[in-house]
Structure formats: C-alpha cells, structure tokens
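So the structure is just underneath, and the comments pick up after that.
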Amino acid sequence: MRRIPPLPCLSRRTLLAALLATAGALPMAQAQSWPTKPVKVVVNFPPGGVADVLARLVAAPLQDVLGQPVVVENRAGSGGNIGGDVVAKSPADGYTLLMSSGGMVSVNPHIYPRMPFDPSRDLTPVASAARVAVFLVSRPALPVTDAKGFVAYLKANPGKLTYGSPGNGSSPHLATEMLKSMTGTFAVHVPYRGAAPALNDLLAGQIDFTFDPGIGLSHVRAGRLKLLAVGSPKRSPLFPDVPTMEEAGLKGFDADTYFGFYAPAGTPAAVITRLNSEINRILNTQSTRDRIAALGGEVAPMSPQQFAVKAADDHKRFGALIKERKITAD
C-alpha cells in the first residue's frame, strides 16, 4: 500500500493567521451576498412625522436598487427609545435598520434615568438623512413682529407667556430652553404628545408660541401664524427674508435636528458602506432634495464616521443645556 506523506507541521502563528483570515472572509462574503430577503426600517416615532416621512422617502428608491422590499414599521413611544431598543437588540445582519431623530442618541441618555439600551454602544450610524430646522412662530395676536421684539416682550412679561412642544427633550423644547437661557427670560412650558397637538392649540390661541419643526409652515403662509425667526445658523431658503435667532442677537443659537439611519452594532462594515453609498445617492436626487426642503429641512449626506462625530458633538452640546436647565423626561 502506498504511504501518504505526512502533512507539513504548521506553527501556531501560521494556524492563527489562517483562522483569522477565514473568520474575516465570512462577514465579507455575507456582505457581498446581502440582501437576500426584505430589509426592515423601524421608525421610532408615529406615522406622519418627519422621521416617518424621511424613512418612506428613502425606502422606495432603496428597494429598487437593493432588489429586495424595504419595509417601514413604526414603533413609537418613550421619546424614541422603544423603536431604538427593538433595533439595538436585533441581529446585526443588515436586515433591520432604524430611522430616528438625533434626539434619541444625543438627548435621551441625559434625560432618562434608565434606558433599555446604550445608543452609543448598541447602535452604529449608517447615514445621515436630513437636517431639519425649527421655526419660532407665534399666534397672530401677539404684539410683536420679529425676534428682537419678541425677546423684549418676553422680558417685559416674565411667566405670562406659554409655549408648546412635542414633549420634554424634544427639539422644540430644547430650542425654547436655549432661548430662555440665552436671554434670561421665563415662559411656561406646556408639553404635548406630539408636534401636531401643540400646533393645534397654538392655532386656537391656547398657547402663545412654539418652535415649529416645519409642520406649521402652511399656516404661516396662510397668515394663521406669525413667523418670527429661524432657529438655525443660516436662513431658510423657504423664507429668505426671515432672520435667524443669531441675527436677532443670540450668538451661536442652533436648534436644528439631524435625522438619520442606524443599524445594530456589529453589522458588517461592507453592508454599512453600501447602505451609506446608496442612501447618499438617493438624497442627492433633485426630487428628494425638493421633498425635504418642503419640510423646512435640507439633505445632509455624510459618511458613517462623520455622522458618528456629529452625534457625539450634539450629545455634548445638548447635554450641557439639559444639565443647566434641569430637564428630565416626561
């Protein structure tokens, strides 16, 4: 019988290198074959809001290029924590994504004493979608015509004005707390369960003002609300003649919110890279730009790394404001 020659003796270092190479090849192979089934996008806010609109705006063209259905599912509640928790605890295989405002990552850890997950540890940024502005609007009967006059009136009437927001820690709430902090003024906060109920009460004259996230702009154009300023570092192209809060004397005022897509931590880097590339391509189409502009925002494509840096910066910036103003969850 012919004798089989012995296998060459491999060193421990050579074996380890071979194992690591094989392990690294598996996720890459999986990423190259991805997707082979529908992709789910969890929106952690109710239908009809900015996050929901952005998710559906991207989902339709994304499924065309991926060749698989992209299904949007709303899982609202607890300031976005419920939907965020669902995604954070999903398999890190690229088939479950999250669309959220930046507030869940940059604000919620500061205002909730306990969260069911750690956004910075359990989620990874995929793609920034849009930067959405807030607009300082008041009831028409308020005797002011611009932001400077509004601040003067607020100073002259401490505690007499009321303002609405979608809830504690929301961008309209933080914008008003920023205004109060920078001007040394006081107004009574009336939290609502969403931006729409706050807008309805403002239209009815039940509250005096709010920082609107864009849903009230049609009422501004119809004369049912008075637009006083934009809470962004630059003017809105929708209302180029309306000054920013900084132009009104509040240096550094920036209450914009970034909305974007996240995935469970550990999702293959190649999948993240492809999603980022495809989403950024969709954002740069004219139809998408126009739709987001109608919401009072602008597309904000970034790399995953740039998106992570922005989230960390906002976490620090808003954390300081939350601590100063002693803001807690509803």
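Quick notes on this structure:
- Criterion: loosely packed, with under 15 Cβ neighbours inside 10 Å and charged (D, E, K, R) - qualifying residue of 298, 278, 324: 324
- Region 191-214 - residue that is of a type in the set (D, E, K, R) and at pLDDT below 95 and, of those, farthest from residue 149 (Cα to Cα): 193
- Scanning region 192-228 for residues that are β-branched (Val, Ile, Thr) and in a helix (DSSP H, G or I) yields one hit, 220.
- Residue satisfying all of: in region 171-198; surrounded by 23 or more Cβ atoms within 10 Å (Cβ to Cβ) and in contact with a His (Cβ under 8 Å, 6 or more places away or on another chain); nearest to residue 315 (Cα to Cα) among these: 173
- Residue 309 being over 28 Å from residue 215 (Cβ atoms) and surrounded by fewer than 16 Cβ atoms within 10 Å (Cβ to Cβ): yes
- Unique match (being crowded, with 16+ Cβ neighbours inside 10 Å and modelled with pLDDT of 95 or more) among 142, 217: 142
- Residues satisfying the stated conditions in region 313-330, i.e. without any contact (Cβ under 8 Å) to a residue 40 or more places away in the chain and either in contact with a Pro (Cβ under 8 Å, 6 or more places away or on another chain) or of a type in the set (A, V, I, L, M) (or both): 320
- Residue match in region 142-164 (condition: in contact with a His (Cβ under 6 Å, 6 or more places away or on another chain), among the small types (Gly, Ala, Ser) and closer than 25 Å to residue 294 by Cα): no
- Residue pairs meeting the criteria (Cβ under 7 Å; at least 6 apart or on separate chains; first in a helix (DSSP H, G or I) and modelled with pLDDT of 85 or more, in region 46-57; second open to solvent by 20 Å² or more (accessible area, probe 1.4 Å) and β-branched (Val, Ile, Thr)): 55/72; 56/72
- Residues of region 166-190 that are modelled with pLDDT of 90 or more and not hydrophobic (A, V, I, L, M, F, W, C): 172, 173, 176, 177, 180, 181, 183, 184, 185, 189.
- Those residues of region 244-275 which are over 21 Å from the mean Cα position of the chain (by Cα), modelled with pLDDT under 95 and surrounded by fewer than 16 Cβ atoms within 10 Å (Cβ to Cβ), in sequence order: 249, 251
- Reported count of residues in region 264-305, each being over 21 Å from residue 49 (Cβ atoms), of a type in the set (Ser, Thr, Tyr) and touching a residue at least 60 places away in the same chain (Cβ under 8 Å), is 2.
- Residue within region 281-290 that is closer than 23 Å to residue 121 by Cα and open to solvent by less than 70 Å² (accessible area, probe 1.4 Å) present: no
- Applying the criterion of at least 1 residues that are touching a helix residue (DSSP H, G or I) at 6+ places or on another chain (Cβ under 6 Å) and of a type in the set (D, E, K, R) to the helices (runs of 4 or more DSSP H) found wholly in region 74-189 leaves 119-122, 171-183.
- On the stretch given as region 268-318, residues that are more than 25 Å from residue 66 (Cβ to Cβ) and β-branched (Val, Ile, Thr) total 1.
- Considering only residues in region 41-94 that are open to solvent by 40 Å² or more (accessible area, probe 1.4 Å) and at positive phi, the one that is farthest from the chain's Cα centre (by Cα) turns out to be 67.
The values are calculated or read from the model by the stated rules, or taken from the named source; none is laboratory data. Bear in mind that the values here come from a model prediction, so they are computed numbers and not experimental data. Positions of Cβ are backbone-derived with ideal geometry, glycine not excepted, and every protein chain shown enters the neighbour counts. These accessible areas exclude ligands, DNA and RNA; they are computed on the full protein's heavy atoms, side chains included. Shrake-Rupley method; radii C 1.70, N 1.55, O 1.52, S 1.80 Å.
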